[in-house]
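> So that we are looking at the same thing, I have put the structure below in structure tokens.
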Amino acid sequence: MAKRSTPEVNAGSMADIAFLLLIFYLVTTTMNVDSGIMRTLPPLAEQNQKQEDVKMNKRNLLFVSINSRDKILINLKDPVGIENLTERAKDFIMNPTNNSEMPEFEEVEINLLGKRRVSKAVISLQNTRFTSYSMYIKVQNELTRAYNELRDNLANKEFSKSFANLDEDQQDAIRKAIPLRISEAEPKI
Amino acid sequence: MAVMKKKGSSGTPPISTASLPDIIFMLLFFFMTSTTMREVELKVKTKLPVGTEVQKLENKSLISYIYIGSPTKTLQKQYGDRPRIQLNNDYKTKTEILEYVVAEREKLSEADKPLMTISLKVDNNVRMGIITEVKQELRKANALKLCYVAGKATLKDFYEQ
């Protein structure tokens, strides 16, 4: 048989095919990675142990309530602007002046950091049915920022690095030294 | 001048397009790896709030979404503009959240079940009443890890907003 050379496959339409696929992917997929404020809800309380949770030393508790007109009240009497909330929270958590009205400390043994005084502060966030979500997120954000800044400060002091640059163990130690305690109160129905 | 301008055979050769498919394929692969499939068709408006302390949500497979907001413009005639809860592709009532969470949890492997995160995509203008109710339902379903989805903003933009 005579040798026949196979003709070359025309690759001219390859680009068109690839374009088609590309456009398909552009249309059907999304680029954005979501980001958000992470929270853990408290487990649903059993009927009989409901009362115990409430019993907590009053000085350890900071009530932050947002009313239906998006105004923030601290401890039900003290109005505060959103700009000052972070500072108030930081002050409360660390209690730098050892004020007897503000949270007490407990000695905790922490890996890498040794014995430390850990604040028992708990921030309790309350809102009404008519509080707007945007305000709620703002307050959540400001409270998170208070904790993050405190952790950053401690990280800088102990390891001379910012919190984000620490390794897993160090971050854990800092987290234990400044535990994030924001409780969302049981809704009043 | 006229001498310099030669016509005919010595014109610039056509640009080779042989590498065009390669370039396009490269782009294609870039998009294939860096994007994710759109999960659902949104039936509610969700203009997300912004925050400065947001964290990236890493593992997409562990996340289930709950959307809350008023119906989109075209659907408002039919459904009104009261905020609605959207699960998967439909409006649902809050009592159906439990079922949804259980179904979503079933999809995960045994080891991943406790790590399941509920991502709340809620419109800025929604009032907290509906969200509190949803949160109570989530507690009943024992889905305790949740994330309020928000965009990233600088501190300055955050206060001005």
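Nothing in this text is a laboratory measurement; each read-out follows from the coordinates by a stated rule. This one's a predicted model, so the numbers in the text were calculated from it and none came from an experiment. Every residue, glycine as well, gets a Cβ built from its backbone with ideal geometry; the counts of neighbours run over all protein chains shown.
> From the residues in segment B:109-123 that are aliphatic (A, V, I, L, M) and in contact with a helix residue (DSSP H, G or I) (Cβ under 7 Å, 6 or more places away or on another chain), which one is nearest to residue B:41 (Cα to Cα)?
B:122
> I've got another one for you. Within segment B:73-93, how many residues are in a helix (DSSP H, G or I) and surrounded by 16 or more Cβ atoms within 10 Å (Cβ to Cβ)? Talk me through it step by step, then tell me what you get.
Step one: filter segment B:73-93 for residues in a helix (DSSP H, G or I), giving B:73-79.
Cutting the leftovers down to surrounded by 16 or more Cβ atoms within 10 Å (Cβ to Cβ) gives us B:75.
Residues flagged as in a helix (DSSP H, G or I) and surrounded by 16 or more Cβ atoms within 10 Å (Cβ to Cβ) within segment B:73-93 amount to 1.
> Would you mind finding the one in A:164, A:146, A:155 that is among the small types (Gly, Ala, Ser), without any contact (Cβ under 8 Å) to a residue 24 or more places away in the chain and within 14 Å of chain B (Cβ to nearest Cβ)?
The match here is A:164.
One line per residue, one yes/no per condition, for (1) within 17 Å of the chain's Cα centre (by Cα); (2) under 28 Å from residue A:166 (Cα atoms); (3) not in a loop (DSSP other than H, G, I, E, B):
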site: A:59; (1), (2), (3): no, no, yes
site: A:86; (1), (2), (3): yes, yes, yes
site: A:99; (1), (2), (3): no, no, no
site: A:117; (1), (2), (3): no, yes, yes
site: A:136; (1), (2), (3): yes, no, yes
site: A:141; (1), (2), (3): yes, yes, yes
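> Taking the criterion of being closer than 21 Å to residue A:128 by Cα and surrounded by fewer than 17 Cβ atoms within 10 Å (Cβ to Cβ), would at least one residue in segment B:140-149 satisfy it?
Yes, segment B:140-149 contains at least one residue that is closer than 21 Å to residue A:128 by Cα and surrounded by fewer than 17 Cβ atoms within 10 Å (Cβ to Cβ).
> Still on this model: Quick one: what pairs do we get from segment A:17-42, first residue within 7 Å of chain B (Cβ to nearest Cβ) and farther than 30 Å from residue B:53 by Cβ, second basic (Lys, Arg) and part of a loop (DSSP other than H, G, I, E, B), C-beta under 7 Å, 6+ apart or different chains?
Cβ pairs passing all conditions: A:28/B:38.
> In segment A:165-181, which residues are over 14 Å from the mean Cα position of the chain (by Cα) and among the aliphatic types (A, V, I, L, M)?
A:166, A:173, A:174, A:177
> Name every residue in segment B:105-132 that is outside any loop (DSSP other than H, G, I, E, B) and of a type in the set (S, T, N, Q), in order of residue number. If you could, list the steps in order and put the result at the bottom.
Taking segment B:105-132 and keeping what is outside any loop (DSSP other than H, G, I, E, B), we get B:105-107, B:113-115, B:117-122, B:127-132.
Hits for segment B:105-132 are B:117, B:119, B:132.
> So residue B:102 clears everything in (1) of a type outside the set (Gly, Ala, Ser); (2) in a helix (DSSP H, G or I); (3) surrounded by 18 or more Cβ atoms within 10 Å (Cβ to Cβ) except one condition, right? Which one?
Failing condition for residue B:102: (3).
> Related question: Being at the interface with another protein chain (Cβ under 7 Å from one of its Cβ atoms) and in a helix (DSSP H, G or I) is the requirement here; does residue B:26 meet it? Break it down stepwise before answering.
Values: at the interface with another protein chain (Cβ under 7 Å from one of its Cβ atoms): no; in a helix (DSSP H, G or I): yes.
Here the answer is no, as residue B:26 does not meet what is asked.
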